[in-house]
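Here, each number is a calculation from the coordinates, and none is a lab measurement. Note that the structure is a prediction, hence the values are computed from the model and not measured. Note that each Cβ is placed from the backbone with ideal geometry, even for glycine, and that neighbours are counted across all protein chains shown.
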Amino acid sequence: MVKKTDQYYKKILSDIQYQVTRCSATETPFSGKYCAHNEKGIYHCICCDSPLFSSKEKFLSSCGWPSFSAAILDDSINILQDHSHGMNREEARCTSCDAHLGHRFADGPPPAGIRYCINSVSIAFKHSPKKQSAIFNPILGYKDYIIISRYKNYLLSKDNAINIILLMTSVYITE
Ligand SMILES: [Zn+2]
């Protein structure tokens, strides 16, 4: 897990971003910029830039916050039991930096029935990089692409499958 000081987060975050992600506050419903946002891309943690949700799993709900039916990777979100405010809820935190993101509820769409209810201020949207996904889609799943995206400069100089697969093997060992 990424360990940073409160001073660091106060410096890089706006006041509302800090209050939500580091102090578990909640933004006002229907106020967030990603509530009705429907472009294709990835939502990253505002604190540590880890990819958390894909637009593929985003759905419109009437709850007032951005809603997702799944995390981008099984282990990208850490679920904790939250008994605050007289309720029993599942709190969703970024696995990498422990940022509070929102909550997870069991009233999402089928088949999983999951709804991640996420504060807009805790995430940052980035468009899918079209050039790279065109190279990798025939070989890799999209989630695998996310893992290796940090090696994009190296990968872009290698355009055959063998090199990419060999590199992926080393990525999984060193991650
Ligand atoms: Zn994070």
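Consider segment 14-50. How many of its residues are within 11 Å of A124 (Cβ to Cβ) and outside any helix (DSSP H, G or I)?
Looking only at that region, the number is 12.
Hey, can you tell me all the residues within segment 85-103 that are touching a residue at least 40 places away in the same chain (Cβ under 8 Å) and over 13 Å from the mean Cα position of the chain (by Cα)?
E91
Let's see how each residue does on (1) surrounded by fewer than 18 Cβ atoms within 10 Å (Cβ to Cβ); (2) among the aliphatic types (A, V, I, L, M):
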{"position": "H37", "(1), (2)": "yes, no"}
{"position": "I42", "(1), (2)": "no, yes"}
{"position": "L52", "(1), (2)": "no, yes"}
{"position": "S62", "(1), (2)": "yes, no"}
{"position": "W65", "(1), (2)": "no, no"}
{"position": "D74", "(1), (2)": "yes, no"}
{"position": "S84", "(1), (2)": "yes, no"}
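From the list I42, I46, I72, which residue is within 12 Å of the ligand (Cβ to nearest atom), at negative phi and of a type outside the set (S, T, N, Q)?
I46
Table: residues versus (1) out of contact with any Ser or Thr (no Cβ under 7 Å at 6 or more places or on another chain); (2) more than 14 Å from C97 (Cα to Cα); (3) not small (G, A, S).
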| position | (1), (2), (3) |
| --- | --- |
| K4 | yes, no, yes |
| D15 | yes, yes, yes |
| S24 | yes, no, no |
| S31 | yes, yes, no |
